[in-house]
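Student: Before we start, here is the structure in question, set down as structure tokens.
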Amino acid sequence: MKCLKCGSTAYESRNSEAIELENGCLLVIRNIPCYKCTQCDEILYTGDVVEQLEQIIASAKKLAQQLMVVDYTSAA
Ligand SMILES: [Zn+2]
């Protein structure tokens with residue numbers, strides 16, 4: 001996997017994302033599989049992961065809690 005930003009090699013890693021939803025809920029997703037650039041620390045997600053994240057966000061919106069922490073590995 002090559003970094004889209006600088007073209008360096010990206011290695012497999014795990015990342016956490018904090019996403020603020022339009023209903024004011026803060027959603028934290030942990031253990032997201034990603035690729036991280038060795039040079040610029042850019043985080044890259046594969047298409048499958050992006051799709052899965054969209055599904056997690058969609059179901060979080062329905063619950064409408066103020067703060068939610070989701071583990072990617074248990075939500076996938
Ligand atoms: Zn890079």
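The numbers here are math on the coordinates, done by the rules we state, and not lab data. These numbers come from a predicted model, not from an experiment. All Cβ positions, even for glycine, are placed from backbone atoms using ideal geometry, and neighbour counts span all protein chains on display.
Student: Pairing the Cα long axis of helix 47-63 with the longest principal axis of the chain, what angle in degrees results, from 0 to 90 and rounded to the nearest 10?
Tutor: With rounding to tens, the tilt is 20 degrees.
Student: Restrict the search to the chain; then list the GluC sites (Glu not before Pro) that DSSP places in a loop and that have at most 13 other Cβ atoms within 10 Å of their Cβ.
Tutor: Those satisfying the criteria are E22.
Student: Calculate one ³J(HN,Hα) per residue across the stretch 2-14 by plugging θ = phi - 60° into the Karplus curve 6.51 cos²θ - 1.76 cosθ + 1.60, and present them in order as whole Hz with x for glycine and proline.
Tutor: After applying 6.51 cos²θ - 1.76 cosθ + 1.60, I find 9, 5, 6, 8, 10, x, 6, 6, 10, 9, 5, 8, 10 Hz.
Student: If you consider only alpha-carbon coordinates, what radius of gyration and Dmax does the chain have, in Å?
Tutor: 13.6, 40
Student: A further question on this structure: Hey, fewest Cβ within 10 Å first, where do V49, V70 land in order?
Tutor: Listing V49, V70 from fewest to most nearby Cβ atoms yields V49, V70.
Student: Only bridges whose two residues both fall in the chain count here: according to DSSP, what percent of them are antiparallel, nearest 5?
Tutor: Here the share of antiparallel DSSP bridges comes out near 70 percent.
Student: Moving to a separate point now. Going Cα to Cα from K2, which lysines come in below 30 Å? Please leave out same-chain ones fewer than 8 positions away.
Tutor: Result set, ordered by chain and number: K36.
Student: Now for a separate question. Amide H neighbours of E42 under 5 Å, counting only residues 5+ apart in sequence or on other chains, H built in-plane at 1.01 Å?
Tutor: HN-HN under 5 Å from E42: C37.
Student: Please go through the chain and write out the trypsin sites (Lys or Arg not before Pro) that DSSP classes as loop and that have at most 16 other C-beta atoms within 10 Å.
Tutor: Passing sites in the chain are K5.
Student: Sequence-distant or interchain residues sharing an amide H contact under 5 Å with V70, placed H: which?
Tutor: V28, I29, R30
Student: Among the aspartates and glutamates, select those whose C-alpha is under 16 Å from the C-alpha of K62, and discard any that sit fewer than 8 residues away in the same chain.
Tutor: Straight-distance partners of K62: E20, E22, E54.
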